[in-house]
Amino acid sequence: DSCLLALNRLQNELCSTTLTAGEQSIMRNMNPLGKQSVSANGTHSLTRDDIENAIKTRQWILDLMQAKTSRERASFVQSVIERYVMLPQLPSPPFSGFGESASDPTTLLKENTKDSISVLSANCYSHTHIVGNMAARLSSSMQSTSQDTSLRTKEGVASALAELRQLPVLSVVEEKLHARHQLIDWNVKALQMKGSTTATGKQHFQTLEKLHNELSSILSMANCQDVRPNEYIEREVKWFVAEDVKLICPESGTWVRNQYKRGCDWRQNYLSIKSVLQPYGYNFGEILSSASAASVSGVDVSRIKNLLVDHDTLASCFVEEC
């Protein structure tokens, strides 16, 4: 926002105590920008506090527009509502011709935005019973003794999300259910890969790596980049997702992370050995050949033997084998 940027630049200029040698502040001789709030002739003068209040007011206006035009977290909308009643008092403009209301811009702003605040309040607080009921069901589904298991299924979660997405604000329980929906989909893919590995042999490491990165993305809430950040909510949802992995995909989650770590370690060990043996003309197949392993020089033979044993137990293969 150009207005907010200009106000911030003005505040930085006013608050600057050190300047580069030979540089002069454009505000150095400008009055009445100072600490006093009343000038010598009794008229109100523009102060540093006025600039700060203007910044707070402009930021609130931008946040109000964001809350009106985008589906934001309930906490963000609540913040806009709460700040409405605490808007700082702005000075009267040094001109006339706009009527008496122009002499009190803060009151005028509140009057012009009160309807918007009423709408946001209704959006934020009129659906708490729906959100509360869904939060209670989700909490119950985390218990192993719960009789209601519908929120552990893809269909049940999709139905709950469809209901919550009809609401005008984004709730924490919706964020949690969205993450669970992603975990359920991920679990299906992970179990399919695990089953294919058992039935048909090794899978390409890139496929395993992609699956591992998808799980990391869910755990890090990478899908929540389009809403205003809230550290408390993000920490709460991340904790929920970490616990939900144990409920939704305990077997596949452990298997993928274990195989990914072992694969990374194995590849690093292989590349280390390869860097030593390559000058002697050995290729990948020869390094993995037990016959060659006994005759190579420059590397402890036990390292190559361990590499061979580990390779047989991995669920993935590598591009170097192709």
Which condition number does Phe240 fail, the rest of (1) closer than 23 Å to Asn306 by Cα; (2) modelled with pLDDT of 95 or more being met?
(1)
In the stretch 103-119, how many are of a type in the set (Val, Ile, Thr), over 22 Å from Ile51 (Cβ atoms) and surrounded by 15 or more Cβ atoms within 10 Å (Cβ to Cβ)?
1
Would you please name the residue that is surrounded by the fewest Cβ atoms within 10 Å (Cβ to Cβ), looking only at residues in the stretch 55-75 that are more than 25 Å from Thr107 (Cβ to Cβ) and in contact with a helix residue (DSSP H, G or I) (Cβ under 7 Å, 6 or more places away or on another chain)?
Ser75
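Table: residues versus (1) modelled with pLDDT of 95 or more; (2) closer than 30 Å to Ser75 by Cβ; (3) touching a strand residue (DSSP E or B) at 6+ places or on another chain (Cβ under 8 Å); (4) in a helix (DSSP H, G or I).
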| site | (1), (2), (3), (4) |
| --- | --- |
| Leu167 | yes, yes, no, no |
| Leu177 | yes, yes, no, yes |
| Lys189 | yes, no, no, yes |
| Glu209 | yes, no, no, yes |
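For the condition under 24 Å from the mean Cα position of the chain (by Cα), surrounded by fewer than 20 Cβ atoms within 10 Å (Cβ to Cβ), of a type outside the set (D, E, K, R) and assigned to a helix (DSSP H, G or I), what is the one hit in Ser196, Ser217, Ser140, Ser159? Spell out how you get there, then give the answer.
On the way: Ser196 fails: under 24 Å from the mean Cα position of the chain (by Cα); Ser140 fails: under 24 Å from the mean Cα position of the chain (by Cα); Ser159 fails: under 24 Å from the mean Cα position of the chain (by Cα).
Testing whether each residue is under 24 Å from the mean Cα position of the chain (by Cα), surrounded by fewer than 20 Cβ atoms within 10 Å (Cβ to Cβ), of a type outside the set (D, E, K, R) and assigned to a helix (DSSP H, G or I) leaves just Ser217.
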List, please: which pairs have Cβ atoms under 8 Å, are six or more places apart or on different chains, and start with a residue in the stretch 158-180 that is closer than 21 Å to Arg228 by Cβ and end with one that is hydroxyl-bearing (Ser, Thr, Tyr)?
Leu164/Ser171
Say we look at the stretch 291-322 and pick out the residues that are open to solvent by 60 Å² or more (accessible area, probe 1.4 Å) and outside any helix (DSSP H, G or I); which of these is modelled with the highest pLDDT?
Asp300
Only one residue in Asn53, Asn12, Asn41, Asn31 is at pLDDT 90 or above and farther than 16 Å from Thr113 by Cβ. Which one?
Asn53
Determine which single condition Glu251 fails, assuming it passes every other condition in (1) more than 12 Å from Glu175 (Cβ to Cβ); (2) open to solvent by 80 Å² or more (accessible area, probe 1.4 Å); (3) free of Cβ contacts under 8 Å to residues at least 24 places away in the same chain; (4) not aliphatic (A, V, I, L, M).
(3)
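Name the residues in the stretch 271-284 that are open to solvent by 20 Å² or more (accessible area, probe 1.4 Å), touching a helix residue (DSSP H, G or I) at 6+ places or on another chain (Cβ under 8 Å) and either hydrophobic (A, V, I, L, M, F, W, C) or at pLDDT below 75 (or both), would you? Show your work before the answer.
First, the residues of the stretch 271-284 that are open to solvent by 20 Å² or more (accessible area, probe 1.4 Å): 271-272, 274-276, 278-284.
Now drop any that are not touching a helix residue (DSSP H, G or I) at 6+ places or on another chain (Cβ under 8 Å), which leaves 274, 282, 284.
Of everything in the stretch 271-284, those that are open to solvent by 20 Å² or more (accessible area, probe 1.4 Å), touching a helix residue (DSSP H, G or I) at 6+ places or on another chain (Cβ under 8 Å) and either hydrophobic (A, V, I, L, M, F, W, C) or at pLDDT below 75 (or both) turn out to be Tyr282, Phe284.
The values are calculated or read from the model by the stated rules, or taken from the named source; none is laboratory data. Computed from a predicted model, the values in this text were never measured in an experiment. For neighbour counting, all protein chains shown are included, and Cβ atoms are generated from backbone atoms with ideal geometry for every residue, glycine included. Heads up: the accessible areas ignore ligands, DNA and RNA and are worked out on the full protein's heavy atoms, side chains in. Shrake-Rupley method; radii C 1.70, N 1.55, O 1.52, S 1.80 Å.
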